[in-house]
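Heads up: the structure comes next, in structure tokens.
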Amino acid sequence: MSDKIYDIIFRIAEVLELPVVILTLLALAVALVEVGALITELFKRRRRTFSALAKAGASARRAVDEGRMDEASALLQTVAWSSPVGKAFKVLVGAVDKPGADTRIAKELADFDFGRQARLSRTRLLVRLGPALGLMGTLIPLAPALDGLARGDVDALTDNLRLAFSITVLGILIGVISLALSLLRERLYGQDFSDLEYVAAILTDDGSAAASIAQNSRTVPAASTTPAHPATTSETVSLPPLVPPAPPAAPASSGGTEYSS
């Protein structure tokens, strides 16, 4: 009975060998595609500056105050470094002049954060899936490799060991690439969320933030009138004496005046 159970386990492991190899190759292809997508995202963000975001937010606030919603949305699209951020900007502009704007904007920010987590879950899954597939791809070919060793079949032993070690390397590579992608994207998406919160605050405040940004952008810092080197004066500086003053003479004794003979 136990022999039949063991035989079933061996058969299942043999059946899983090909699917594990195929899944490992697919996971590697997905990781490489994600690398290309990250490079594209970094290229779009190469011109990101806080000053551009602040100016666009202030201009959009003035357009909203004047009822020009389409122009406000277009101004914010110039600083939308990704398509989800651009869609979120459109929703913010559309909700700012409606009743319950704060609630609508809070819901949009929460939805953006949910979508960000869903986007990160792809590479986070590969971080665990890659090494798991590599481990399975390592252990499954070991059984036929040991069987070939027992039968003296060196070719079977060599082929199975090569497959096992190759799948291990691919699994570790998938995990490393996915971990790096997850860390970089987490920082980028956190920055996008911060930009959305900043623009939402500008669109919903009393207008003082937008006015302050506009005033700062028009102000040119004046040139410093302080000379590079302090001017020299002709005042005479008294220096302390190099030789310390003599100590005061000891007072005369009270026993009377001494006379010399």
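Answer yes or no as to whether ILE213 is modelled with pLDDT under 80 and either in a helix (DSSP H, G or I) or under 30 Å from PHE114 (Cα atoms) (or both). Yes; evaluated as a whole, the condition is true for this residue.
Applying the condition of being open to solvent by 40 Å² or more (accessible area, probe 1.4 Å) and at pLDDT below 90 to segment 122-143 and asking which residue is farthest from LEU23 (Cα to Cα) yields ALA143.
Considering only residues in segment 26-72 that are assigned to a helix (DSSP H, G or I) and of a type in the set (Asp, Glu), the one that is surrounded by the fewest Cβ atoms within 10 Å (Cβ to Cβ) turns out to be ASP70.
Among the conditions (1) open to solvent by 60 Å² or more (accessible area, probe 1.4 Å); (2) closer than 30 Å to GLY175 by Cβ; (3) among the polar types (S, T, N, Q), GLN77 misses just one, which is (2). For residues that are among the charged types (D, E, K, R) and loosely packed, with under 14 Cβ neighbours inside 10 Å, scanning just segment 146-161, find the one that is farthest from PHE10 (Cα to Cα). Checked segment 146-161; the qualifying residue farthest from PHE10 (Cα to Cα) is ASP155. Determine whether segment 138-152 contains at least one residue that is assigned to a helix (DSSP H, G or I) and within 29 Å of GLU34 (Cα to Cα). Yes: one or more hits. Contact map, segment 52-79: residues that are on the phi < 0 side of the Ramachandran plot paired with residues that are outside any helix (DSSP H, G or I) and polar (S, T, N, Q), Cβ distance under 8 Å, separation 6+ or inter-chain. Pairs shown: ALA52/THR78; ALA56/THR78. Condition first: β-branched (Val, Ile, Thr) and open to solvent by less than 50 Å² (accessible area, probe 1.4 Å). Now tell me which residues in segment 83-99 satisfy that. Passing the criteria: VAL85, VAL93, VAL96. Taking the condition farther than 19 Å from ALA13 by Cβ, at pLDDT below 85 and either open to solvent by less than 30 Å² (accessible area, probe 1.4 Å) or assigned to a helix (DSSP H, G or I) (or both), does ASP102 pass? For ASP102, the condition - farther than 19 Å from ALA13 by Cβ, at pLDDT below 85 and either open to solvent by less than 30 Å² (accessible area, probe 1.4 Å) or assigned to a helix (DSSP H, G or I) (or both) - is met.
Can you confirm whether segment 162-183 contains a residue that is touching a Lys or Arg at 6+ places or on another chain (Cβ under 9 Å), surrounded by 10 or more Cβ atoms within 10 Å (Cβ to Cβ), charged (D, E, K, R) and modelled with pLDDT of 55 or more? There is no residue in segment 162-183 that is touching a Lys or Arg at 6+ places or on another chain (Cβ under 9 Å), surrounded by 10 or more Cβ atoms within 10 Å (Cβ to Cβ), charged (D, E, K, R) and modelled with pLDDT of 55 or more. The single condition from (1) assigned to a helix (DSSP H, G or I); (2) modelled with pLDDT under 80 that THR225 fails is (1).
The values are calculated or read from the model by the stated rules, or taken from the named source; none is laboratory data. This one's a predicted model, so the numbers in the text were calculated from it and none came from an experiment. Counting neighbours? That spans all protein chains shown, and the Cβs are built from the backbone with ideal geometry, glycine included. All accessible areas refer to the heavy atoms of the entire protein, side chains included, with ligands and DNA or RNA removed. Shrake-Rupley method; radii C 1.70, N 1.55, O 1.52, S 1.80 Å.
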